1. What net charge is computed for the residues neighbouring Thr163, neighbours being all others with C-beta under 15 Å from the C-beta of Thr163, Lys and Arg scored +1, Asp and Glu -1?
2. Binning every alpha carbon pair distance of the stretch 28-116 at 5 Å from zero, what are the percents per bin?
3. Taking the Kirkwood radius as the inverse of the mean 1/r across Cα pairs, report the Rg/Rh of the stretch 122-167.
4. Ser144: net charge of surrounding residues, Cβ under 13 Å, Lys/Arg +1, Asp/Glu -1, itself excluded?
5. What is the total of Lys pairs in the stretch 8-164 with C-alpha atoms under 13 Å apart, excluding same-chain pairs fewer than 8 positions apart?
6. To the nearest 0.05, what FRET efficiency results for Asn77 and Thr44 with a Förster distance of 35 Å applied to their C-beta separation?
7. From the alpha carbon gyration tensor of the stretch 8-164, can you work out the equivalent ellipsoid semi-axes (sqrt of 5 times each eigenvalue) and give them in Å, largest to smallest?
8. DSSP loop (so not H, G, I, E, B), at most 15 other Cβ within 10 Å: list which trypsin sites (Lys or Arg not before Pro) in the stretch 33-87 pass both filters.
Amino acid sequence: MYNGIATKVITGEVRLSYVHLTQPYQSQQGGEPKYQVTMLIPKTDTATKADIDASMRAAYEDGVQNKWKGARPQLRNALIYDGDGMKNDGTPFGEECRGHWVMTASSPQTRKPQVVGADNLNVDLLPTDIYSGMYARVSINFFSYDSHGSKGVGCGLGNVMKTRDGEALSGGASAAQDFAGFGAPAGAVQSAGFGIPTTPAINPITGLPM
């Protein structure tokens with residue numbers, strides 16, 4: 001619960017993965033593009049886990065009373081996974097998920113989340129400062145739904161406050177990492193013919209540099 005809203009949670013510090021916060025992401029062909037992020041919640045943060053569990057129950061009870069006509073369906077899809085266990089396809093979670101709970105939140109493409117820094121809550125971060133691997137606190141809101149006969153509870157994405165940088169999880173590398181050991185000593189670049197000023201050729205007709 002947050003600010004009297006039983007279904008809303010402000011997480012403790014979590015690590016973000018599969019970050020799609022600057023542009024909506026279409027997870028499957030024909031599906032609706034959404035803003036989305038996966039949160040890695042430390043298992044040591046028992047307060048956030050308890051808050052999530054309570055808010056999920058509140059959303060479920062709201063569904064029973066207001067959408068499902070008193071029915072109490074068994075939820076088909078889990079919202080939070082054990083990072084030390086297996087995914088739905090039977091494969092293990094990545095190493096970065098060890099010791100964490102894993103949960104994904106999303107919002108429709110019409111509702112872009114704000115992503116701010118802890119030092120300035122009024123200014124959105126640049127896209128280059130938003131990446132998989134950074135640490136943040138996230139506002140999420142659980143909701144019940146009944147869509148085409150499928151009843152359940154979803155996790156809506158609110159806003160994100162970056163708390164600190166972390167090692168990128170994108171799998172990419174910086175130029176410094178790619179070319180470590182290949183850098184030329186000072187002065188070697190010019191001796192190799194790079195960066196040496198040259199006299200431009202002169203057009204014999206106009207007398208101007210070509």
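Every number in this text was worked out from the coordinates using simple rules, so none of it is lab data. All figures in this text were calculated on a predicted structure; none of them were measured in a lab. Neighbour counts run over all protein chains shown; Cβ positions are idealised from the backbone, glycine included.
1. -2
2. P(r) for the stretch 28-116, in whole percents per bin: 3, 11, 15, 18, 20, 20, 10, 2, 0.
3. Result: Rg/Rh = 1.16.
4. On the way: positive: Arg57, Lys67, Lys69, Arg72, Lys151; negative: Glu61, Asp62, Asp146.
Overall, the nearby charge balance is +2.
5. 4
6. Efficiency, rounded to the nearest 0.05: 0.85.
7. Values: eigenvalues 128, 69, 55 Å².
Semi-axes, largest first: 25, 19, 17 Å.
8. Numbers: sites: Lys34, Lys43, Lys49, Arg57, Lys67, Lys69, Arg76, Lys87; in loops: Lys43, Lys67, Lys69, Arg76, Lys87.
Here the trypsin sites (Lys or Arg not before Pro) that fit, given the DSSP loop and packing criteria, are Lys43, Lys67, Lys69, Arg76, Lys87.
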